[in-house]
Amino acid sequence: AKRAGGNSLRFYQDVESSIQVRDRLLVETDLRRALLQDEITVYYQPKIDCCTTGIVGVEALARWKHPTNGLLTPADFIDVAEETGLILPLGETVLRLACQQGRIWFDEGCGIPLAVNVSVRELEQPNFTARVLKVIEETGFPADQLELEVTETVAMADPEGLQNTIHPLREAGVRFAIDDFGTGYSSLAYLQRLPFDTFKIDRSFISGLGVEDSNRLIVQTILAMAQSLNFDVVAEGVETLEQHSILREIGCATAQGYLFGAPMAADMFAIWRAGFSCTFCMPGSCVTEPV
Ligand code: C2E
Ligand code: MG
Ligand code: MG
Ligand code: MG
């Protein structure tokens with residue numbers, strides 16, 4: 001009976017993983033179709049100056065307008081896209097749409113710096129730089145207003161190689177950010193050699209601000225480190241006034257999160273932006289240097 005139990009457990013695991021395999025195949029086929037039928041769209045989330053709460057930039061985030069399943073977020077499709085290589089056409093689609101929209105905002109006189117997420121898999125393509133430069137040229141988005149966000153991962157193993165690959169982009173003024181900073185295992189020596197400009201502190205540290213003192217210390221340490229390595233800092237996932245006020249107290253320059261604005265379609269973003277005012281700002285409560 002014991003042996004039978006073991007076998008049936010394995011049986012259920014096999015069934016489960018074959019369901020996963022089947023689901024993944026379905027997503028892959030569906031995503032291929034979606035890319036051809038323009039179902040991929042871009043949402044925009046504001047980046048806020050912690051002191052003034054003015055808008056200092058916007059991050060482009062992929063969405064999938066699925067004909068039957070509604071609006072899907074990256075959690076539903078990014079893994080499959082990465083595994084199948086579909087992240088390459090997907091990434092290019094998002095970059096192109098975001099730069100087109102970004103260009104429109106510049107033409108309308110309300111230009112704003114734009115950040116676009118890029119997966120390591122894209123970054124490793126030999127023609128990555130050429131493709132990004134082509135999109136910049138074709139859309140006419142100002143290269144020095146573009147930042148590419150790459151999730152911190154051990155996969156970025158070769159800073160010097162990376163430096164060579166992206167050199168022409170950096171020459172053109174494109175900036176690079178480490179996304180979800182603090183979730184990887186980067187050493188200081190490694191970070192220093194990365195040709196990047198910005199740390200985006202992962203939401204997991206921000207959500208604990210005001211709850212556990214250790215989180216405040218961690219964020220302060222990241223701020224101090226960023227300052228000595230000459231990186232800019234963005235706090236991700238700010239949801240409460242308390243988190244915002246602690247960030248301001250400890251000198252974090254920039255923040256993003258539902259407290260200020262969730263990701264929105266371009267037209268909603270324009271409406272939101274027109275009505276957004278400095279409701280959170282308490283004059284005199286800011287420090288500009290990390291303490
Ligand atoms: P990310 O780049 O770190 O983006 C931040 C994510 O946190 C977004 O989720 C955003 O909607 C969410 N977020 C923002 N503020 C808050 C908050 O206050 N609270 C909470 N709980 N969440 C908040 P989203 O849009 O689902 O994207 C998830 C991840 O998928 C992104 O994380 C990014 O790594 C990846 N991603 C999104 N678009 C693209 C893309 O075009 N290309 C690639 N390669 N990756 C993408
Ligand atoms: Mg990001
Ligand atoms: Mg990320
Ligand atoms: Mg992040």
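Cβ-Cβ contacts under 8 Å between residues 6 or more apart (or on different chains), taken from a first residue in the range 157-183 that is of a type in the set (Ser, Thr, Tyr) to a second residue that is assigned to a helix (DSSP H, G or I) and open to solvent by 20 Å² or more (accessible area, probe 1.4 Å), are listed as Thr183/Ser204. Looking only at residues in the range 37-51 that are of a type in the set (A, V, I, L, M, F, W, C) and closer than 30 Å to Val27 by Cβ, the one that is surrounded by the fewest Cβ atoms within 10 Å (Cβ to Cβ) is Ile40.
Residues that are polar (S, T, N, Q) and over 24 Å from Glu28 (Cβ atoms) within the range 75-106 comprise Gln100, Gln101, listed in sequence order.
Checked against (1) within 16 Å of ligand 4 (Cβ to nearest atom); (2) more than 15 Å from the chain's Cα centre (by Cα), Asp49 passes all but condition (1). Of all residues in the range 17-66, those that are among the aliphatic types (A, V, I, L, M) and more than 24 Å from Glu147 (Cα to Cα) total 8. Considering (1) away from ligand 3 (no atom under 16 Å from the Cβ); (2) modelled with pLDDT under 95; (3) of a type in the set (S, T, N, Q), the lone condition that Gln145 does not fulfil carries the number (2). Of the residues making up the range 133-163, those that are of a type in the set (Val, Ile, Thr), in contact with a strand residue (DSSP E or B) (Cβ under 8 Å, 6 or more places away or on another chain) and within 16 Å of ligand 2 (Cβ to nearest atom) are Val150, Thr151. For residues in the range 149-168 being open to solvent by less than 10 Å² (accessible area, probe 1.4 Å) and under 24 Å from Tyr258 (Cβ atoms), which is nearest to ligand 1 (Cβ to nearest atom)? Among those that are open to solvent by less than 10 Å² (accessible area, probe 1.4 Å) and under 24 Å from Tyr258 (Cβ atoms), it is Glu149. Considering (1) within 16 Å of ligand 2 (Cβ to nearest atom); (2) touching a strand residue (DSSP E or B) at 6+ places or on another chain (Cβ under 9 Å); (3) of a type outside the set (Asp, Glu); (4) modelled with pLDDT under 95, the lone condition that Ile166 does not fulfil carries the number (1). Only one entry of Arg121, Arg131, Arg103 meets the criterion of being part of a helix (DSSP H, G or I), farther than 21 Å from Glu236 by Cβ and under 16 Å from the mean Cα position of the chain (by Cα), and that entry is Arg121.
The values are calculated or read from the model by the stated rules, or taken from the named source; none is laboratory data. Predicted, not measured: the structure shown is a model, and the values here were computed from it. Here the Cβ is made from the backbone with ideal geometry for all residues, glycine too, and neighbour counts use every protein chain on show. What goes into the accessible areas is simple: the full protein's heavy atoms, side chains included, and nothing from ligands, DNA or RNA. Shrake-Rupley method; radii C 1.70, N 1.55, O 1.52, S 1.80 Å.
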